Structure formats: structure tokens, C-alpha cells
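To start, the structure under review is shown below, and the notes come after it.
Please treat every number below as a calculation from the coordinates, not as lab data. Everything quoted here is computed from the prediction, not taken from an experiment. So basically every Cβ, Gly included, is an ideal-geometry build from the backbone, and we count neighbours across all protein chains shown.
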Amino acid sequence: MHRCSYLAESHVVTVPLLMGGLVSLTIIGICQPQVLNLANLSRMVAVLPLALFFLAVFALLSLCISSLVSRSSVVLLLILAIWVILAVIVPNTSGILAERFSRAAE
């Protein structure tokens, strides 16, 4: 049962990601076609598996948490807290810590 739930959840979040990417590429192609060169397209293609991996990990994490906690409101709160930590706090804090502890010559 959980395997089907994981696949369904993965597909539910993958389709909007791909559709949003296609809409964005279409808008960029219409407004500024010079931006869509081979180097930029290869970067976009390289980011796609990373985004899909991030969504797959988050889908698995949400299913694991929902199987451990019985109340759906607590599950949503925990998943939101984990997302805020992973998407906002860790990237901002890591830049500050890298600047503080870096030994690079200025």
C-alpha cells in the first residue's frame, strides 16, 4: 500500500514541476530567445534530476512521518517545519558559516 502511495505522491508533484518548467521555458523562449542557448539548456537539464530527487526525498519523508504520527495536523506541521529548515534556514546559515570559518585569502 505504501509503495503505491509513494508512487502516486511522486507523480502528483512531478507533473506540476515539469509543466511549470515547460511554461517557463516557453515564456523565456518567446520573450528572450537569445537566453535559450545550448549552455543554459544543459544547465536546466542538469537541474531537473536534482529537483526530482528533492521531491522524491520529500515525498518519502512525508510518508514516513505520516505513518509514525496519527494526527494529520501534526504531520503537516512537522513536514512544514522540516521544509523550512531544509529550504530556508540551512542554505542561509551555511553561507554565513562558510564566510565566518573560511580561511581563504581576501
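Per-structure values
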| read-out | value |
| --- | --- |
| Anisotropy class of the chain from Cα gyration tensor, a/c 1.5 cut | oblate |
| Computed label-point distance, nm, for sites Arg103 and Thr14 using a 7 Å Cα→Cβ extension | 4.5 |
| Rel. contact order, % - alpha carbon contacts under 8 angstrom, at least six apart, the chain | 27 |
| Packing-based order for 13-21, 52-60, using average beta carbon neighbours within 10 Å, highest first | 52-60, 13-21 |
| Using θ = phi - 60° and Karplus 6.51 cos²θ - 1.76 cosθ + 1.60, couplings along segment 78-89 (whole Hz; Gly, Pro as x) | 5, 5, 5, 5, 5, 4, 4, 5, 6, 9, 10, 6 |
| FRET efficiency for Ser70 and Ser94, using Cβ-Cβ distance with R0 set to 35 Å, rounded to 0.05 | 0.55 |
| Mean residue ellipticity (222 nm) of the chain, computed from DSSP H runs ≥ 4 via -39,500 (n - 2.57), nearest 500 | -28000 deg cm²/dmol |
| Relative packing of peptides 86-97, 69-80 - highest average C-beta neighbours within 10 Å first | 69-80, 86-97 |
